[in-house]
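Just below is one structure, and these are the notes that go with it.
Readers should treat all values here as calculations from the given coordinates under stated rules, not as data from a laboratory. The model shown is predicted, which means the values in this text are computed figures rather than measured ones. So basically every Cβ, Gly included, is an ideal-geometry build from the backbone, and we count neighbours across all protein chains shown.
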Amino acid sequence: MAKMADVTEAELVYALMTTGELFGVKIPAPLPGRHNARTRSFDYKEALDFAEQVKIARDSKRQV
């Protein structure tokens, strides 16, 4: 999901462990089953939507 949102895995993991948001966009809940940072699985549609929103939010912050 980090690649989809064009962020580093470290940024994504840090956001998951702290605020649960990245650039003000709420990170989708992982699918049940695996619960460590390396193997979290997300709903594909939710991940796509999240990645798009992060790209938009990051671009708008850069323009300000």
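Among the aspartates and glutamates, select those whose C-alpha is under 18 Å from the C-alpha of Lys61, and discard any that sit fewer than 8 residues away in the same chain.
Asp6, Glu11, Glu21, Glu52
Can you give the helix-only mean residue ellipticity at 222 nm for the chain, where every DSSP H stretch with n ≥ 4 adds -39500 (n - 2.57) and the sum goes over all residues, rounded to the nearest 500 deg cm²/dmol? Mind dumping the intermediate values first?
On the way: 3 runs with 33 residues, N = 64.
Per the formula, -15500 deg cm²/dmol.
For a Förster distance of 25 Å, can you work out the FRET efficiency between the beta-carbons of Ser60 and Ala29, rounded to the nearest 0.05? If you can, show how the numbers build up before the last one.
On the way: r = 25 Å, r/R0 = 0.99.
Once rounded, the FRET efficiency stands at 0.50.
Give me the angle, in degrees from 0 to 90, between the Cα long axis of helix 44-63 and the longest principal axis of the Cα atoms of the chain, rounded to the nearest 10.
Orientation of helix 44-63: about 30 degrees from the principal axis.
Let me know the charge dipole size of region 2-63 about its Cα centre in debye, to the nearest 20, where only the beta-carbon of Lys, Arg (+1) and Asp, Glu (-1) is charged.
Details: 10 positive and 9 negative charges, 22 e Å.
Roughly 100 debye, rounded to the nearest 20.
Regarding the chain, what are the three Cα extents along the principal axes, ordered largest first, in Å?
40, 23, 17
Amide H neighbours of Val25 under 5 Å, at least 5 residues apart or on other chains, H built in the peptide plane: list them.
Sorted by chain and number, the residues that satisfy this come to none at all.
In what order do Lys55, Lys61 fall by count of nearby beta-carbon atoms within 10 Å, going from fewest to most?
Lys61, Lys55
If neighbour count is taken as other Cβ atoms inside 10 Å, put Met4, Met17 in order from fewest to most.
Lowest to highest Cβ neighbour count: Met17, Met4.
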